[in-house]
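Okay, so here's the structure we're looking at.
The values are calculated or read from the model by the stated rules, or taken from the named source; none is laboratory data. All values derive from a computational prediction rather than experimental measurement. FYI the Cβ positions are ideal-geometry reconstructions off the backbone, even for glycines, and counts take in every protein chain you see.
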Amino acid sequence: MQAQAIDYRAKAKKLVSQLTLEEKASLCSGGTAWSTKAIPRLGIPSIFMTDGPHGLRKAEGFDFTNSVPSTCFPTASALASSWNTALAQKMGEALGIEAQANDVQILLGPGVNMKRSPLGGRNFEYFSEDPVLAGKIAVGFINGVQSQGVGTSMKHFAANSQEFERMSNNSNVDERTLNEIYFPAFEMAVKEAQPWTVMCSYNKLNGTYASENPFLLQQMLKDKWGLQGFVVSDWGAVNERALGVDSGMHLEMPASGGLNDKKIVDAVKNGTLKESRLDEIVTDLLAITLKAKDSHKKGIVVDKTKHNELARQISSECIVLLKNESAILPIKPSVKKIAIIGDFAKNPRYQGAGSSQVRPTQILNAFDELQKLAKGTQFTFSQGYNSQGETDQAKLAEAVRIAKDADVVLVFAGLPDSYESEGFDRTNMDLPLGHNQLISAVAQVNKNSVVVLMNGAAVAMPWKNDVAAILEAYLGGQAGGGAVADVLTGKVNPSGKLSETFPERLEDTPTAIEFPSRDGQANYGEGIYIGYRYYDKKKIEPSFPFGYGLSFTTFSYSDIKANTTSAKDSEGVTISVKVKNTGKMAGKEVVQLYVHEQESEVSRPENELKHFEKVALAAGEEKTITFKLSSRDFSYYNSKTPEWTVKSGKFDVLVGGSSRDLPLKQTVFIESSKPAQLVFTRESLFKEFKRSPKTLAIYENLVQGFMGASKKPETEDEKKAALFFEIMLSDMPINKLVMLSGGKFTEENINGILSAANQK
Ligand code: BGC
């Protein structure tokens with residue numbers, strides 16, 4: 001059936017008019033753990049939802065030991081490191097196909113929450129510390145899944161950046177921070193990809209549960225951004241159900257045994273919930289339900305081999321090469337003997353624990369895959385540590401023995417399952433002691449030691465300077481081991497860039513003083529300064545910066561050009577740059593564009609990512625990349641007005657290959673179409689009158705009037721005294737003049753001054 005051509009909203013409206021109050025209320029909660037209720041008498045179908053963001057986890061009830069086998073793709077932190085929106089779309093398409101094959105209508109993902117701290121337990125399931133990167137990857141992902149006639153559930157809305165006490169925690173976040181950091185990925189994805197559903201988070205935001213928060217669900221999602229689909233609760237996130245319906249929370253999941261449906265009926269009957277509001281909610285719900293059911297395709301069979309290959313390809317684009325001294329990688333054909341050390345080489349860590357955990361169709365390990373790719377090379381292996389990450393003298397001695405005897409050593413390390421998961425946050429950024437001890441021991445006896453990391457989030461690397469190369473493979477999915485082998489042997493040239501900063505120490509992080517929360521309150525006191533925004537502002541040198549990643553080839557940047565050096569904000573600016581592959585191997589570069597405001601009226605980050613593009617270049621090839629910057633790219637969120645605001649002034653547009661390596665700069669003057677309207681009140685400070693040419697004369701008269709000076713200061717002493725006086729006055733509200741001027745100013749004078757200053 002042609003799902004697009006049908007007006008599902010009209011159909012839904014008609015159905016709603018035929019439903020009883022009890023039936024409408026019943027549709028507002030699930031029928032089982034994973035499906036909605038059907039109403040057969042009107043042909044209303046039930047739809048099925050299942051996790052998750054990197055693979056299908058379809059199971060009966062909550063028993064996941066038996067979930068259907070499905071392709072396990074790289075987790076979100078890996079996927080975002082590809083900076084490849086087209087690839088995210090491809091992965092989405094494959095997930096959509098697997099959902100269709102299993103009669104699943106809504107896939108519960110992607111997770112687009114911001115990484116406020118490297119310790120967040122679900123960081124592996126989230127894209128980035130930057131909203132533009134997270135938003136663009138989410139758009140690709142959602143478009144991919146939904147192109148297959150399967151809906152997505154973008155989650156967890158909003159300010160859900162910790163696991164600790166996640167069901168009750170209150171995130172205290174100011175409005176500017178929400179709009180600049182925690183909302184934009186959701187906003188971009190709603191506007192550009194229209195996820196069929198959005199999942200509200202467990203936590204409270206500024207005192208109100210997300211599941212009954214009209215500011216989040218109605219004002220932002222629906223009214224401002226235009227979400228057409230419906231909101232589903234995170235599993236068990238409902239608090240006051242009737243309030244939730246009124247606030248715009250459509251579907252409670254999982255089933256709650258009719259308890260909350262009855263509360264909705266009661267609320268309508270006692271007048272605290274309007275039936276017309278319930279009708280709107282059920283209409284939204286049914287419109288998607290009908291479309292989802294119609295979009296089901298029968299007879300889809302998953303080509304598991306093809307999807308495994310795709311998972312490998314995606315994974316290989318996610319790997320970030322962090323260090324490569326003396327170009328030790330890719331492994332040269334002259335290398336005869338390779339020591340592979342570390343249990344992860346044979347038993348890779350490839351996905352995170354919790355609701356996103358899938359049962360893979362197969363698992364590739366690097367140990368086997370390397371041998372297939374490097375035939376004729378001699379391999380030795382030592383386990384190095386056990387599944388808990390512990391080592392002992394015997395294991396270390398064996399590892400050192402084979403390391404001494406090899407041309408190159410590959411040490412596989414990372415975070416075991418028990419170190420990071422949904423449900424709890426990490427308490428430090430360390431690898432297991434056994435992994436660190438192993439790496440150090442091996443690096444001491446062989447200078448050609450390469451570390452391959454498998455982990456879902458930033459980790460500390462105390463041995464960073466002692467090893468020749470570091471490959472961050474993240475949680476690469478079921479084919480991750482193959483992807484690692486592809487990169488190590490040079491079959492694939494690495495092109496991932498970090499989607500999160502790797503700080504040197506936990507003490508350096510923006511939430512070092514308090515994370516996750518205390519007494520149920522998570523105070524987002526660092527405001528907009530998370531991730532690189534914080535490290536840049538504080539001039540802290542991270543271990544590896546946001547946007548960073550090496551390639552086996554090299555790139556050069558040149559010829560930054562702007563279509564104009566002065567523009568109105570509404571016109572925007574077009575920037576072009578040239579990027580060239582200056583090495584001998586084909587490769588891909590992520591061209592990143594950041595904006596810096598030269599003189600801002602509020603505290604702003606040094607640089608902020610606004611655009612990026614991943615570009616493939618043959619050896620010696622050069623391409624021109626063009627970016628269109630809009631008014632929003634120069635704006636900050638002004639919570640006084642409250643809206644996105646550009647202040648007229650100069651902005652530097654910086655382009656390069658990492659947040660800390662931006663060789664190109666073009667300065668543009670942007671003129672605001674809405675210059676800030678200064679409004680003067682009795683509490684306006686003296687200095688504020690100095691800000692506009694219009695009120696400067698008033699200011700001068702005020703100063704002189706207060707000082708009672710009849711002539712301008714002339715001698716050095718007079719000038720000094722006048723200057724001191726002006727400094728003291730500068731922060732004084734003008735209404736104080738009445739009390740402090742010894743009768744020179746009256747209430748009437750002040751009112752007169754204010755009306756003159758406020759004249760349009
Ligand atoms: C998680 C969601 C997940 C849901 C269903 C919740 O605990 O927070 O991300 O989609 O369970 O499994």
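For every residue, the table says whether it meets (1) basic (K, R); (2) closer than 23 Å to S659 by Cβ; (3) surrounded by 22 or more Cβ atoms within 10 Å (Cβ to Cβ).
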residue	(1), (2), (3)
V467	no, no, yes
I470	no, yes, yes
Y474	no, yes, yes
G481	no, no, yes
K491	yes, no, no
E500	no, yes, yes
L506	no, yes, no
I513	no, no, no
D519	no, no, no
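All conditions in (1) modelled with pLDDT of 95 or more; (2) touching a strand residue (DSSP E or B) at 6+ places or on another chain (Cβ under 8 Å); (3) buried (at least 18 other Cβ atoms within 10 Å of the Cβ) hold for G52, with the sole exception of (1).
The selection criterion, being surrounded by fewer than 23 Cβ atoms within 10 Å (Cβ to Cβ) and more than 22 Å from S316 (Cα to Cα), holds for Q146.
As for segment 649-670, it holds no residue that is part of a loop (DSSP other than H, G, I, E, B), in contact with a helix residue (DSSP H, G or I) (Cβ under 7 Å, 6 or more places away or on another chain) and over 30 Å from G549 (Cα atoms). Scanning segment 55-98 for residues that are surrounded by fewer than 20 Cβ atoms within 10 Å (Cβ to Cβ), within 16 Å of the ligand (Cβ to nearest atom) and not aromatic (F, W, Y) gives A59, E60, G61, D63, T65, N66, S67, V68.
Apart from one condition, Q18 fits all of (1) at negative phi; (2) within 16 Å of the ligand (Cβ to nearest atom); (3) surrounded by fewer than 22 Cβ atoms within 10 Å (Cβ to Cβ); the exception is (2). Cβ-Cβ under 9 Å, sequence separation 6+ or interchain: first residue in segment 222-243 and assigned to a helix (DSSP H, G or I), partner within 16 Å of the ligand (Cβ to nearest atom) and polar (S, T, N, Q). Which pairs? Between residues of segment 222-243 that are assigned to a helix (DSSP H, G or I) and residues that are within 16 Å of the ligand (Cβ to nearest atom) and polar (S, T, N, Q), the close pairs are R241/S29; R241/S211; R241/S256; L243/S211. Within segment 461-489, residues that are in contact (Cβ under 8 Å) with a residue 24 or more places away in the chain and of a type in the set (F, W, Y) have Cβ atoms under 9 Å from residues that are surrounded by fewer than 24 Cβ atoms within 10 Å (Cβ to Cβ) and part of a helix (DSSP H, G or I) in these pairs: W463/N436; W463/S440; W463/A443, counting only partners at least 6 apart in sequence or on another chain. Just one of the listed residues (A562, A567, A522, A586) is touching a Ser or Thr at 6+ places or on another chain (Cβ under 8 Å), within 24 Å of R632 (Cβ to Cβ) and touching a residue at least 60 places away in the same chain (Cβ under 8 Å), namely A562.
For the subset of segment 134-176 comprising residues that are among the basic types (K, R) and either within 14 Å of the ligand (Cβ to nearest atom) or more than 18 Å from the chain's Cα centre (by Cα) (or both), which member is farthest from V198 (Cα to Cα)? Residue satisfying both the conditions and the ranking: R166. Tell me which residues, restricted to segment 47-65, are free of Cβ contacts under 8 Å to residues at least 60 places away in the same chain and not hydrophobic (A, V, I, L, M, F, W, C). Listed by number, the residues that qualify are T50, K58, E60, G61, D63, T65. Condition first: at pLDDT 95 or above, touching a strand residue (DSSP E or B) at 6+ places or on another chain (Cβ under 9 Å) and surrounded by fewer than 22 Cβ atoms within 10 Å (Cβ to Cβ). Can you find one or more residues in segment 528-537 that meet it? No. Determine if segment 113-124 includes at least one residue that is part of a helix (DSSP H, G or I) and either surrounded by 24 or more Cβ atoms within 10 Å (Cβ to Cβ) or out of contact with any strand residue (DSSP E or B) (no Cβ under 6 Å at 6 or more places or on another chain) (or both). Yes; the residues of segment 113-124 include at least one that is part of a helix (DSSP H, G or I) and either surrounded by 24 or more Cβ atoms within 10 Å (Cβ to Cβ) or out of contact with any strand residue (DSSP E or B) (no Cβ under 6 Å at 6 or more places or on another chain) (or both). Scanning segment 223-259 for residues that are more than 16 Å from the ligand (Cβ to nearest atom) and either surrounded by fewer than 20 Cβ atoms within 10 Å (Cβ to Cβ) or on the phi > 0 side of the Ramachandran plot (or both) yields D223, K224, W225, G226, Q228, E240, G248, G257, G258, L259.
Among the residues of segment 370-385, those identified as buried (at least 23 other Cβ atoms within 10 Å of the Cβ) and either part of a loop (DSSP other than H, G, I, E, B) or among the charged types (D, E, K, R) (or both) are G384, Y385.
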